[in-house]
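Every read-out reported here was derived from the displayed coordinates using simple, explicitly stated rules and does not represent laboratory data. Since this is a predicted model, take the numbers as computed values, not measurements. Ideal geometry is used to build each Cβ from the backbone, glycine not excepted, and the neighbour counts take in all protein chains shown.
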Amino acid sequence: MRRAHLLGLGFMTPALIIVFLFFLAPVVLTAVFSFTSMSSGTGISGGAYEINEQTLRSLTDRGFPKAKSEKLGHDLYRIGEEGLGAVEADFGKAFADEIRAELSGELFEGRRDLERELKKLRSRPRSIRDLKKAADLFKRSVLNTRFESETAFLDGVGETGVELTADDQAVLVKTAYTGWSWTTANYELITSMASTWRAAKNTAFYVLLTLSFNVGFGLFLAITTFYLPKGQAAIFRAIWILPRILPPVLYVMMWKWLTWDTGFLSIFLSNFGVEPRNWMLNSDINAWVCIVLINGFVGASLGMILFSSALRAIPPSMLAASEVDGANRWQQIRHILLPQLQWPILFTTSYQTLSLLTSFDYIYLSTDGGPGRSTEVWALYTFHTALNNYGGVLQYGLGAALALVLVVIGIAASLFYLRLFKFNELVSQPRIEQ
Amino acid sequence: MSSNFRSWPMTLLLGFLSLPIIVMMVYLFVDTVTDTTAGSLIPDRFTLEHWRFLFDAPQAGRSNIWSVTLNTFIFACSTSAIVVMTSLTSGYALSRLNMPYRRLLLGGVLTLHAFPTVTLIISIFLMLQMTGLYNSLLGVILVKTALELPLGIWVMKGFYDTVPWEIEMAGLTDGASRFTVWRRLVLPQVHPGLAALGLFSFLAAWSEYILPQVLAPDGASQVLATYLQNLIKDDRAPDFNMFKSVGLFYAMPVMIIYLIFNQKLMNIYGGGTKG
Amino acid sequence: MRILLDQFTKTFGATTVIDKMSLDIESGEMLALLGPSGCGKSTTLFAICGIHRMNGGRLLFGERDVTHLPSQMRNVGVVFQNYALYPHMNAFDNIAFPLMIRKMAKPEIERKVLAIAELVHIEGLLKRKPAQLSGGQQQRVALARALVREPDILLLDEPLANLDAKLRLEMRSEIRRIQQETGISAVLVTHDQVEAMSMADRIAIMDQGQIVQLAAPKDMYDEPVTDFVASFLGNPPIAFLQGTVEGKTIRLENSDIVLPLDAQAAKQGNGTPIRIGVRPEHFQPEHPVKISGKISFIEEQGREELFDVTLSNGMRLRSVQANGGAFRLGDEVSWGLAADKVLTFDPSGRRI
Ligand SMILES: Nc1ncnc2c1ncn2[C@@H]1O[C@H](COP(=O)(O)OP(=O)(O)OP(=O)(O)O)[C@@H](O)[C@H]1O
Ligand SMILES: [Mg+2]
């Protein structure tokens, strides 16, 4: 290998490491996670074994003998060293020694039985409350106790004295496991749930509308500012670049202020007898209008930048010539400006299709998918499912499956753009051949 | 541009369409230093009341604005520094050096540049949890860096592409190694690009909301974006004057940097960023 | 130092740009590589200085085989067409750069830079950045930088192309002077034949990756081996006539003009097609082998005048005359060829 090769690879190494860790690994992991049942309930790092009320119910459903599951649900009191140690710490050595001598190794089905025995001891505490407390120290229950490993769990179950057949044990272990497991259920869910279809429909609607607005309005801005005197054009460009450079949180906050029921629009319109209302969330249509405008202003300013710089590349002599030829303004736009913008328009369209398809931050900050879930697009739906819902468990596995759809679209589209924009012509060989 | 056409109808139309933004911006500034009676649009009193968040002790459950600002600053600076340093070497390698898999690497960078990175956030979230980087500023910095990197490399490669080959050839025949040529002869030519990229990544990190929100929601590593959004979300009776003051405080560096370095940044904004 | 390029082959991907070319540069001579755009001049130059790898053949600097050495270890000085000065360094640092890379002591560097600056006449400009220098001054700095390390060979890639006409004249003789004073072997790449003729000891004419002829300027002008060489040298350029041999004469195509050029015709069999090359100075009113035509173009060049004469079959001859003031556009004239100076070529372009 030549020296420059080594230098090149060395120069690429930091980037390669970062790319590997934060692009390749996540893509692979997204695929992996999508085949699991991971959620905030199961945790992500393996699981534990635990019997709770719900486990008991499912046990019965799965044919586990009812008598045994009832027994598992009950408390047990066993006199062992652990409990004795606790008693010694709380009530003194004398009491502990006496229990050890009299009751060591015995098993009681209920607390009352144990209390009765304790009352017989000479060094017992005087108050009934303390006695109850002491008895509780011997409570051994598998109910609601987490066991980190299967053996510990089975040992714990063994202590209750429940006899298990091999079949029983298998069912019990499987039911009591709280961790995640491999499954294809996520994909079945995606195709069957009504909410995914709604999200897909919303996404198509959103991309179509916003994209048209972005390109159309971006064009409008670029062309109008192109014809304005230099100073005015600069001012308008500066104004329209603001949505893009302002931090999204602040930008959306200003929209909220504009549309809130005590905000600018409501107050302004109340002068004309219009009831104040929350213009962003009071109806589906208004919510959509807001979302398209919020995203559209940002996207249009990008379009404006790209289109404007393409227009600046038109030789002034060409414009002058067309004016001498008697072209009116519309004809000039149609026959000179627009042809010049062909590639930038194609570029903006393809680029923004992909980013609109997958981005959700402005929607999340403004309507958060509301009212109801009428503006919830696929990306936001994914985000809600996996990372941010008020309703309870975060379903990482299902979210990953939803995200994988976008990942696949993203990769396919990126590769398509490489072809579209003639990547091969971009790659020229280095002129120094060392 | 062209004097044969009248321009005032266009000015008027554009002015009208720009009203929402103009109104928002004007009130953003005005509302931070005035009070307005409910139901009116005209401010009636000058006050600095809304800026007291800068000096008051934070309410229970809120972070101190200055430590949040410091976090944001660290976040933005580190991201910018790592992006710039990594792009500086990778951009050069892609632009100028012969190496195995060069085509693949170039294609890879371009693909990643177009690739929508938010789609990866779930697995990144889980990865950070597994590695213990969840809820730390470091985790967010690393992730943000990674997401900004493809653009950075591509932009930097573009700047390197403009350096004449002959300068490097001359350096080689003068006896310098490829590394020395890069370090002593090429690097000084791309300073402007470097500054632009640094500023750009700084602003990108400064404005970032989703990543800190998802990957480090805790108080200790809060940044201004999440701080402001928490204010807005929490409040039952929204105090927009205060929100705007915090927001203005938050956006000030962005606007200043933008005002000063407008031209430089435009190169990158126009260079096909996401949005 | 003597430089030997032996059987040099260069390919880019599937296309072979230079195929088994050999070139011998004598110690202390200035050799011009002359040829049309795209013929492989720069490629040859890059191979000599080590920026390109050779796909075949050897390169010797004196006795040393440098074929596989990287640029850094070859000790060549190169002046690029756009000078490639380092924009962020002043002239002094630019010139000192190669010495600094060799870790030479400071005072030594200073001494050498000042000496070379004196040679190229830029003593007063050393503090300036390249952007503050004129084209000619930049050129001198580039020369100084190439020479300061005392290279085995000096390579000049179109060094004058970026200069205006007057400076070009001045730098032509300057570069020649400096090369001769330092006694260094040099290769001058150019597509300007005047430059090559006036500066070089020998000229190598290249076409499509091959050296067509290698000779001293005067020899090459008088005795070109192909019509390509003949057409490349000389300004205004040589004019060609098509004809066939008829006994001891040559009949021009599509006409009844018969030229009694027996010396040339004798070398070929009856009926073979032939090309006749006539340089403008060999087509004059007083020369013996007359040929008639109409003046179709006149260009005043101050000291002399250039005429195009169109023959009855549409072919065109050129003439340069110092005192041709009497002729008008459209005049019918009957001027003569200098029979012994006329060049003849066979259909493939080879000189007969
Ligand atoms: N990197 C390359 N890849 C492919 N072909 C190349 C490359 N570099 C040069 N060529 C081709 O090799 C041939 C010779 O190029 P070269 O630059 O040597 O020409 P030149 O004689 O210097 O021309 P000019 O007078 O225009 O500088 C040309 O046909 C050119 O297209
Ligand atoms: Mg060349």
- [ ] Can you give me the P(r) profile for region C:99-251? Cα pairs, bins 10 angstrom wide beginning at 0, each as a whole percent.
- [x] 9, 31, 28, 16, 9, 4, 2, 1
- [ ] Obtain the nm distance between the two label points defined at C:His88 and C:Ser198 by a simple spin-label model: each point lies 7 Å from its Cα along the Cα-to-C-beta direction.
- [x] 3.9
- [ ] Give, as a single signed number, the net charge of other residues whose beta carbon lies under 10 Å from the beta carbon of C:Arg279, with Lys and Arg counted +1 and Asp and Glu -1.
- [x] 0
Task: Those GluC sites (Glu not before Pro) in region C:1-73 that DSSP places in a loop and that have at most 14 other beta carbons within 10 Å - done: C:Glu26, C:Glu63
Task: Two-decimal log10 I(q)/I(0) for region B:106-154, as the Debye equation yields it once each C-alpha is a single scatterer, q = 0.15, 0.18, 0.26 Å⁻¹ - done: -0.43, -0.59, -0.95
Task: Alpha-carbon radius of gyration plus Dmax, which is the widest Cα pair, for chain C in Å - done: 24.4, 78
TODO: Please compute the net charge surrounding A:Thr203, taking Lys and Arg as +1 and Asp and Glu as -1 over other residues with Cβ under 14 Å from its Cβ.
DONE: +2
Open item on the list: Within chain B, which whole H helices from DSSP have a Cα span along their axis of at least 30 Å and a mean Kyte-Doolittle hydropathy of -1.0 or more, if any?
Closed with: B:65-96, B:137-161, B:240-269
TODO: Just report the Cα centroid separation between region A:287-306 and region B:72-92, whole Å.
DONE: 29
- [ ] Calculate the translational D of region A:190-433 in whole µm² s⁻¹ from Stokes-Einstein, where the hydrodynamic radius comes from the Kirkwood formula applied to all Cα pairs, the temperature is 20 °C and the viscosity 1.002 mPa s.
- [x] 104
- [ ] Would you compute the Debye intensity of region A:233-348 from its alpha-carbon atoms alone, equal scatterers and no solvent, and pass along log10 I(q)/I(0) at q = 0.22 Å⁻¹ to two decimals?
- [x] -1.18
Task: Compactness of region C:186-249 as Cα Rg over 2.2 N^0.38 Å, two decimals - done: 1.29
Task: Cα centroid separation, region A:198-271 to region C:183-224 (Å) - done: 67
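Pulled fully out, how much extra length does the chain show between A:Leu346 and A:Asp136, if you take 0.36 nm times their separation in residues and subtract their Cα-Cα distance?
Computed gain between A:Leu346 and A:Asp136 is 68.2 nm.
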Task: Fluctuation leader among C:Ala239, C:Ala105, C:Ala14 - chain C, Gaussian network, Cα springs under 10 angstrom - done: C:Ala14
Task: Positive-end residue of C:Gln180, C:Val225, C:Gln193, charge dipole of region C:168-226 with Cβ unit charges - done: C:Gln180
Task: DSSP-loop GluC sites (Glu not before Pro) across region C:195-299, with at most 10 other Cβ within 10 angstrom - done: C:Glu286
TODO: Normalising by the residue count of chain A, find the relative contact order in percent from Cα pairs under 8 Å and 6+ residues apart.
DONE: 22
TODO: Mind pulling the angle between the C-alpha long axis of helix A:284-312 and the longest principal axis of chain A? Nearest 10 degrees, somewhere in 0 to 90.
DONE: 50
- [ ] Please find the FRET efficiency linking C:Lys103 to B:Lys264, where r is the Cβ-Cβ separation and R0 is fixed at 35 Å, and quote it to the nearest 0.05.
- [x] 0.40
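Determine, for A:Ser266, A:Ser317, A:Ser34, C:Ser173, the number of other Cβ atoms within 10 Å of each Cβ, and report the residues in order from fewest to most.
On the way: A:Ser266 19, A:Ser317 8, A:Ser34 26, C:Ser173 11.
Fewest-to-most ranking of A:Ser266, A:Ser317, A:Ser34, C:Ser173: A:Ser317, C:Ser173, A:Ser266, A:Ser34.
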- [ ] Note the per residue figure in Å³ for the convex hull of the C-alpha positions in the protein assembly as shown.
- [x] 309
Task: FRET efficiency estimate (nearest 0.05) - Cβ-Cβ, B:Trp165 to C:Ala338, R0 41 angstrom - done: 0.25
TODO: Mind grabbing the base-10 log of I(q)/I(0) for region B:63-269 at q = 0.11 Å⁻¹? Debye formula, identical points on the C-alpha positions, no solvent, two decimal places.
DONE: -0.61
Task: Inter-chain Cβ neighbour average for residues A:406-419, partner chain, 10 Å - done: 4
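I'm checking a number: the convex hull volume of the Cα atoms of region C:239-345, normalised per residue, in Å³. What is it? All intermediate terms of the calculation are to be shown ahead of the outcome.
Working: hull volume 9.0 nm³, N = 107.
Normalising the Cα hull of region C:239-345 by residue number yields 84 Å³.
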- [ ] Specify the inter-centroid distance of region A:154-191 and region A:92-148, based on alpha-carbon positions, in whole Å.
- [x] 32
Task: Computed magnitude of the charge dipole of the protein assembly as shown (debye, nearest 20; Cβ of K, R +1, Cβ of D, E -1) - done: 660
Task: Candidates B:Asn98, B:Asn71, B:Asn135: whichever shows maximal mean-square fluctuation once chain B is modelled as a Gaussian network with Cα springs under 10 Å - done: B:Asn98
Open item on the list: Below 25 Å, Cα to Cα, which lysines can A:Lys93 reach? Residues fewer than 8 away in the same chain don't count.
Closed with: A:Lys119, A:Lys120, A:Lys132, A:Lys133, A:Lys139
- [ ] Enumerate the aspartates and glutamates that C:Lys267 could reach by cross-link, defined here as Cα to Cα under 16 Å, with residues fewer than 8 away along the same chain left out.
- [x] C:Glu246, C:Asp340, C:Asp346
Task: Members of A:Lys256/B:Lys244; C:Lys129/C:Lys166; A:Lys422/B:Lys264 lying beyond 18 Å, as alpha-carbon distances in this model show - done: C:Lys129/C:Lys166; A:Lys422/B:Lys264
TODO: Could you calculate, for chain A, the ratio of the Cα radius of gyration to the Kirkwood radius, expressed as Rg to Rh?
DONE: 1.20
Open item on the list: Given a 10 angstrom Cα cut-off, can you work out which residue in B:Thr11, B:Thr37, B:Thr86 is the most mobile in a GNM of chain B?
Closed with: B:Thr11
- [ ] Determine the alpha carbon to alpha carbon distance for each of A:Lys201/B:Lys144; C:Lys248/C:Lys341; C:Lys41/C:Lys218; B:Lys157/C:Lys10 and list only those over 19 Å.
- [x] A:Lys201/B:Lys144; C:Lys41/C:Lys218; B:Lys157/C:Lys10
- [ ] Starting from the Cα of C:Lys112, draw a straight line to each of the aspartates and glutamates and keep only those under 14 Å, dropping any in the same chain fewer than 8 residues away.
- [x] C:Asp93, C:Glu123, C:Glu150
TODO: Under 12 Å from the Cβ of C:Phe12, count the other residues' Cβ atoms, weight Lys and Arg +1, Asp and Glu -1, and hand me the total.
DONE: +2
Task: Given charges at Cβ of Lys, Arg, Asp, Glu: the protein assembly as shown dipole, positive-most of C:Ile51, B:Pro238, A:Tyr206 - done: B:Pro238
